[in-house]
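Take a look at the structure below.
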Amino acid sequence: MAEEKEINILVEKSFQEAKNFSAIEKIKKKYLEKGGLISQLFQQISQERDLEKKKKLGGLINNWKNELSAKVKEIEAKIKEQKQTAELEKDRVDIYLEGIKIPLANLHPITQITQKIYDLFLPLGYQIAESPEIETEDYNFNKLNMPPEHPARDMHDTFYLDTNLLLRTHTSNTQIRVMENNPNQELKIITAGKVYRRDEDDATHTHQFTQIEGFVVGRNISFSHLKGTLELVLKKLFGENHPIRFRPSYFPFTEPSVEVDAQCPPCQGQGCNICKKTG
Ligand SMILES: [Zn+2]
């Protein structure tokens, strides 16, 4: 018949063994499962005639069973957690991993030249204005005195988004928008931006390009102001002695009109592919 001392030794031993996580299945089998030591001891105790002793030993074994079961559950949970962590670790992606460094670049050449031109116009008292690239027919054509039958309208083959909306074919929509917002006021406006025309893309054409446009509304403003401003800006851009040329030209929407040429810098007037041999 089992004695209290022996049982205590077994209890101690079982908890010692449980320190080794990998022995957990063995421990369950050896102590807790059907036919294990604990059920064997219960079997023995049931034969005990001394009721006091039976009760005491029974309680002792019962406590052991409960505590060891709890210990086993605790260990099993820990093992499960370790497995899950290992599984997660396997798939872990370090989101703080340093990426490929992209070296800082310059501003786009179009941005650079736009800023340069703005810098030339601002000291002359011009203000910068912007307007939408997606525009209505009204602002792109009608309000610029280009009704549907106007010849200027034939010059642009336009990207229509629907029957009314289109990608602006010039920056002149800015003129209308600024004037509408500032009725009866003197204005000096410079604007730059993307414009779109249905051109076949080749070495010298694209369906999108950048236009820079200035306009002045005021008293006693004459053609000579236009000429003087263009001369000043071109000289600042190309150099004081750079050859430029004004020639009369017909534009259906402005009267009088003029066309301005600057000598082609790469070929210095000799004619090359950039200037299409015009110098
Ligand atoms: Zn050239």
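The values are calculated or read from the model by the stated rules, or taken from the named source; none is laboratory data. The structure displayed is predicted, hence computed values, not measured ones. No Cβ is skipped: glycine too gets one built from the backbone with ideal geometry, and neighbour counts run over all protein chains shown. Surface areas here come from the heavy atoms of the whole protein model, side chains and all, with no ligands, DNA or RNA. Shrake-Rupley method; radii C 1.70, N 1.55, O 1.52, S 1.80 Å.
Let me confirm something: among Thr278, Thr210, which residue is open to solvent by 40 Å² or more (accessible area, probe 1.4 Å), hydroxyl-bearing (Ser, Thr, Tyr) and within 16 Å of the ligand (Cβ to nearest atom)?
Thr278
Filter the range 235-250 down to residues that are under 30 Å from His150 (Cβ atoms) and either open to solvent by 60 Å² or more (accessible area, probe 1.4 Å) or outside any strand (DSSP E or B) (or both) and give me whichever is farthest from the ligand (Cβ to nearest atom). Residue satisfying both the conditions and the ranking: Tyr250. Scanning the range 81-129 for residues that are assigned to a helix (DSSP H, G or I) and over 30 Å from Leu232 (Cβ atoms) yields Glu81, Gln82, Lys83, Gln84, Thr85, Ala86, Glu87, Leu88, Glu89, Lys90, Asp91. A search for C-beta distances below 9 Å between a residue of the range 24-46 that is touching a residue at least 60 places away in the same chain (Cβ under 8 Å) and under 19 Å from Ile7 (Cβ atoms) and any residue that is acidic (Asp, Glu) and open to solvent by less than 10 Å² (accessible area, probe 1.4 Å), counting only pairs 6+ apart in sequence or on different chains, returns nothing. Scanning the range 68-115 for residues that are under 27 Å from Ile189 (Cα atoms) and open to solvent by less than 100 Å² (accessible area, probe 1.4 Å) yields Leu107, Pro109, Ile110, Thr111, Gln112, Ile113, Thr114, Gln115. Per this entry, Ile244 is not counted among residues that are touching a Ser or Thr at 6+ places or on another chain (Cβ under 9 Å) and β-branched (Val, Ile, Thr). Just one of the numbered conditions (1) open to solvent by 50 Å² or more (accessible area, probe 1.4 Å); (2) assigned to a strand (DSSP E or B) is not true of Ile221: (2).
Here the condition is being of a type in the set (Phe, Trp, Tyr) and assigned by TED's automatic domain parsing to the domain that holds Lys194; of Tyr96, Tyr118, it holds for Tyr118 alone. Report, by residue number, each residue of the range 251-267 that is more than 7 Å from the ligand (Cβ to nearest atom), outside any strand (DSSP E or B) and within 16 Å of Leu237 (Cβ to Cβ). Those that are more than 7 Å from the ligand (Cβ to nearest atom), outside any strand (DSSP E or B) and within 16 Å of Leu237 (Cβ to Cβ): Gln263, Pro265.
Total residues in the range 157-172 satisfying the condition of being open to solvent by less than 20 Å² (accessible area, probe 1.4 Å) and either of a type in the set (A, V, I, L, M) or under 30 Å from the mean Cα position of the chain (by Cα) (or both): the figure is 5.
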